[in-house]
Every structure is written in C-alpha cells, then in structure tokens.
1. Given the condition assigned to a loop (DSSP other than H, G, I, E, B) and either at pLDDT below 95 or not assigned by TED's automatic domain parsing to the domain that holds Glu421 (or both), answer yes or no: does some residue in the range 387-395 qualify?
2. With (1) buried (at least 21 other Cβ atoms within 10 Å of the Cβ); (2) modelled with pLDDT of 95 or more; (3) in contact with a strand residue (DSSP E or B) (Cβ under 9 Å, 6 or more places away or on another chain) as the list, and Tyr225 as the residue in question, which single condition is left unmet?
3. How do the pairs read when you match residues in the range 421-433 that are under 14 Å from Pro350 (Cβ atoms) and touching a residue at least 40 places away in the same chain (Cβ under 8 Å) with residues anywhere that are in a helix (DSSP H, G or I) and hydrophobic (A, V, I, L, M, F, W, C), using Cβ under 7 Å and keeping only pairs 6 or more apart or on different chains?
4. Quick check on Phe107: is it at pLDDT 95 or above and either within 19 Å of Val318 (Cα to Cα) or not assigned by TED's automatic domain parsing to the domain that holds Ile204 (or both)?
5. If you take the residues in the range 194-222 that are out of contact with any strand residue (DSSP E or B) (no Cβ under 7 Å at 6 or more places or on another chain) and surrounded by 14 or more Cβ atoms within 10 Å (Cβ to Cβ), which one is farthest from Met53 (Cα to Cα)?
6. Among the residues of the range 115-131, how many are in contact with a helix residue (DSSP H, G or I) (Cβ under 9 Å, 6 or more places away or on another chain) and under 19 Å from Ala257 (Cβ atoms)?
7. Name every residue in the range 112-148 that is of a type in the set (Gly, Ala, Ser), more than 17 Å from Gly282 (Cα to Cα) and buried (at least 21 other Cβ atoms within 10 Å of the Cβ), in order of residue number.
8. Which one of the conditions (1) under 20 Å from Phe423 (Cβ atoms); (2) in the same structural domain as Lys70 (by TED's automatic domain parsing) does Ala336 fail to meet, given that it meets all the rest?
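The values are calculated or read from the model by the stated rules, or taken from the named source; none is laboratory data. Computed from a predicted model, the values in this text were never measured in an experiment. When we count neighbours, we look across all protein chains shown, and the Cβ atoms used for this are built from the backbone with ideal geometry, even at glycine.
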Amino acid sequence: MQSQEMIDLCKKHTLWSWSASDKVSPLPIARAEGIYLYSPEGQRIIDFNSQLMSVNIGHRHPKVLEAMKKQMDSLLYSFPGSATEVRARVSKKLAELVPGDINTFFFTLGGAEANENAIKAARQFTGRHKILSRYRSYHGATNATMQLTGDPRRWANEPGTPGFIRVMDPRPYDYSFGSTPEEQTKNNLQYLEEVITYEGPHTIAAMFIETVTGTNGILPPPPGYLQGLRALLDKYGILLVCDEVMCGWGRTGKLFAFEHGDIVPDIVTMAKGLTSSYIPLGAMGVRDEIADHFRENVFWGGLTYNAHALALATAEAVIDVLLGEGMVENAVRMGAVMRKEMDRLQAKHPSVREGRQIGLFGMIDVQKNSQGESIAPYNGSHPAMLKLGQFFRDEGLFTFIRWGSFMCNPPLCITEEQLLEAFAIVDRGLEITDEAFEG
C-alpha cells in the first residue's frame with residue numbers, strides 16, 4: 001500500500017490510543033532498521049523516541065530475528081502450567097542479571113499487566129489493601145493501573161478501583177521557585193511520611209514509583225531520594241515497587257535505573273526494552289521473601305500467555321545483543337553527547353527552558369517567557385508546539401511532543417554522528433518556538 005491508502009483504511013477500521021479517531025494523523029511506516037523508520041514511499045525517519053521508549057537495541061537486529069525464527073521452528077506456545085526450556089533459561093538469566101535477591105519472575109504480555117500483577121502480589125503478600133503512587137506517574141491503561149497512574153489519562157477512567165492514594169512527586173510541576181534537589185528530597189519524604197501516618201501504615205501494601213519518571217517529565221530522582229524512600233517504607237513495612245517498564249534495560253546507562261540509587265526494590269516490573277518491542281512481553285520480579293510466600297500460598301494471578309515461548313526466546317536474544325554489543329555503555333557515552341547538545345541548545349535558543357537526561361532518556365522543556373512559564377499549560381498545547389511537531393515530521397525526525405516538552409529517547413545503538421544529525425534537526429526546529437517566545 002501507499003501511505004494514503006494505509007492511513008485511510010487504518011482510520012476507518014481501528015481505534016487509536018488516547019485519541020479521537022477523526023483527529024489522528026498517523027505516521028505511515030512500511031519498515032524499520034537500526035535507528036530508522038521508512039515510509040511506503042521511502043522517506044527515512046530517525047526514530048528519536050525508540051517508538052514508545054521501547055526499541056532499545058534498534059529495529060530489526062538480525063541476531064534477534066534469527067533467534068525468533070529458530071524458536072518458531074520448535075515451540076511457539078504452551079499453556080502457562082507447562083515447563084519449557086526457554087522459560088527455564090530466561091528466568092535463570094534474569095535472576096543472574098537483576099540486582100539483589102530478585103530471583104523469581106512472573107511473565108506477562110506488557111508493562112500494564114506486570115504492574116497489575118504486582119498490585120495483586122503486594123496485597124496478597126502483606127494482607128493490606130492501599131497502594132501509594134505519584135501524580136506524575138504512568139503505570140498502564142488497565143483498570144487498576146489507570147488508578148495507579150497520576151497523569152491526566154486517569155481522569156476519563158474514573159471512578160476506579162478503591163484503595164489508591166496518590167502523592168506529590170519530589171520535583172514540583174512548577175519548579176520556578178528554585179528549591180534545591182536536596183531540599184526536594186527532604187521536603188517530599190517528610191510530606192510522604194505525614195501522608196502515610198494519616199492513611200494508616202497498617203493499611204498500605206506498597207508504593208509504586210517509576211524509578212525515573214517517563215512521559216511526565218523524564219525526572220531522575222533527586223540526590224538521596226531513593227535511599228530515603230527505601231528507608232521510610234521499610235520503617236512501616238510497606239513494599240517498594242519500581243516500575244522499570246520504560247527506564248529499565250539500559251535506557252539510563254545502567255541495566256536498571258534503581259541501581260543509580262544503590263537500592264533494591266521489593267518488586268520490579270519491566271517490559272518494553274526486555275524484548276525491544278519485537279514482540280509483547282513483560283515481567284514482574286520479586287525478592288526471595290515474597291517468592292517464598294508464594295511457594296506455600298497461592299498466587300491469585302494468571303494469564304493465557306504467561307511465559308509465552310516465542311516472547312521469551314525474543315527476550316533472551318535481545319538481552320544477549322544489549323549486553324554483548326555494549327549498548328548500556330553506549331547509553332552512557334551518548335548520554336554525555338546528549339547533555340552537551342541540550343546545554344548548547346539552551347544557550348542558543350531563548351525558548352529552551354531546560355533539557356534533562358540520564359543516559360539516553362531525555363526531554364527538553366520549552367518556555368514562553370524569561371520567567372520560565374511553560375509554553376503550554378498542564379495537559380494543554382500551544383500552536384508553536386504543534387508547528388514544531390509538524391516540522392520534525394517533515395524533516396524526518398520521529399518523537400513525541402507532550403504539552404510544552406518533547407522527548408529525546410533514541411535507540412541505545414545510536415552513534416554520535418546519528419545523534420548529532422538528530423539534534424541538528426531539533427536545533428532548526430527550535431527557531432519556531434523562539435518566534436513564540438515573549439521575552
């Protein structure tokens with residue numbers, strides 16, 4: 001098909017995530033390879049967001065395709081109550097790679113299902129029912145994970161399941177008043193303990209966090225936050241669940257983002273980069289104490305596609321490529337290049353408020369005046385941001401515009417030359433938002 005036929009049929013017969021069908025403008029994609037997407041007419045597009053921050057090793061890696069084809073020739077699927085060689089190998093590999101005593105895994109089809117089952121595991125293990133999460137979080141679009149989520153996608157899905165308590169993040173949405181990162185940690189943990197007191201610690205099973213907040217800001221935790229949060233939750237017997245669906249598997253320059261804080265959560269959830277999105281797979285990993293509980297007590301959770309053989313073989317190959325080709329280390333090296341580019345753009349363009357990154361997990365905020373006011377309101381837009389998004393698309397750069405910010409999350413295999421090419425497009429595009437800058 002050519003682009004327009006593809007678009008017309010897709011719009012006629014499918015629904016679109018978070019969108020009114022008549023208002024979407026889909027990007028037609030015929031194939032992908034490395035860091036590039038290609039339209040049916042052959043336009044080359046830099047994938048500057050790894051699709052949904054998920055194609056970590058790049059598109060169509062031959063070693064992964066080979067492993068998938070090999071698995072297809074043996075076993076594609078068996079029911080969740082079966083033992084398979086690939087299930088044995090991958091669970092053992094994860095136990096060796098995930099830090100601490102997280103040695104036991106429950107496989108799902110994605111991040112939302114991993115978080116859904118983490119809610120179940122936390123409640124069943126502790127006998128408590130309340131769950132804490134943060135307002136600038138996103139944890140999935142199932143019924144329970146929508147309530148776990150704090151961002152505006154939650155609103156249309158309310159009222160939801162009871163027992164979810166949302167709290168403020170360490171970094172306020174409007175950060176113009178200038179508190180230091182150390183003050184943010186101290187103030188937030190003090191406030192969080194007060195909330196725990198009011199809610200009753202004996203009623204709270206767990207707190208879920210995106211270790212590095214993703215779509216709602218790319219917000220690395222401030223200094224001391226992860227350690228302080230770990231200690232505070234331990235004080236009250238509350239489990240810590242780190243959602244690493246987006247920030248895990250090398251994205252931040254470490255295999256898992258919680259390693260930056262030198263902590264181990266009680267439960268970790270993962271997906272996206274686990275298979276580089278070549279096929280759906282998620283996982284919930286639990287520490288030995290929780291795993292031991294479920295050796296004697298039923299885990300009341302299940303999925304038809306739990307431990308799907310083809311998905312696990314894909315994950316095994318993706319992990320081997322990620323580690324074997326040094327892509328985690330490359331995220332560190334290219335993260336330093338991204339940092340320099342963000343600083344350069346901020347110095348050059350008055351509309352750039354701030355660029356944030358950890359490894360190859362980045363976002364640039366756009367401001368409308370020298371007072372630092374965001375160019376777009378919370379959950380809103382601005383004509384200049386819409387124009388910027390169209391410029392990126394026309395110039396062959398795929399990324400996401402979110403309110404007054406845009407994402408910088410390329411595949412971890414990207415080279416310095418490719419990264420600089422992408423930022424050259426960004427540089428030209430920021431002239432659009434500079435024109436909207438009010439001084």
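1. No, there is no match, as no residue in the range 387-395 is assigned to a loop (DSSP other than H, G, I, E, B) and either at pLDDT below 95 or not assigned by TED's automatic domain parsing to the domain that holds Glu421 (or both).
2. (3)
3. Asp427/Leu345; Leu430/Leu345; Ile432/Ala384; Ile432/Leu388; Ile432/Phe391; Thr433/Ala384; Thr433/Leu388
4. Details: at pLDDT 95 or above: yes; either within 19 Å of Val318 (Cα to Cα) or not assigned by TED's automatic domain parsing to the domain that holds Ile204 (or both): yes.
It is true that Phe107 is at pLDDT 95 or above and either within 19 Å of Val318 (Cα to Cα) or not assigned by TED's automatic domain parsing to the domain that holds Ile204 (or both).
5. Initial filter on the range 194-222 (out of contact with any strand residue (DSSP E or B) (no Cβ under 7 Å at 6 or more places or on another chain)): 194, 197-198, 200-202, 214, 216, 221-222.
Now narrow it down to the ones that are surrounded by 14 or more Cβ atoms within 10 Å (Cβ to Cβ): 201, 214, 216, 221-222.
Values: Pro201: 35, Gly214: 9, Asn216: 13, Pro221: 19, Pro222: 22 Å.
Per the stated criteria, the residue is Pro201.
6. Restricting attention to the range 115-131, the residues satisfying the condition of being in contact with a helix residue (DSSP H, G or I) (Cβ under 9 Å, 6 or more places away or on another chain) are 115-116, 119-122, 124-125, 128-131.
From the residues that got through so far, the ones that are under 19 Å from Ala257 (Cβ atoms) too are 115.
The qualifying residues number 1.
7. In the first step, residues of the range 112-148 are kept if they are of a type in the set (Gly, Ala, Ser); the result is 112, 114, 118, 121-122, 127, 133, 137, 140-141, 144.
Applying the additional criterion that residues be more than 17 Å from Gly282 (Cα to Cα) yields 122, 127, 133, 137.
Those that are of a type in the set (Gly, Ala, Ser), more than 17 Å from Gly282 (Cα to Cα) and buried (at least 21 other Cβ atoms within 10 Å of the Cβ): Ala122, Ser133, Ser137.
8. It is condition (2) that Ala336 fails.
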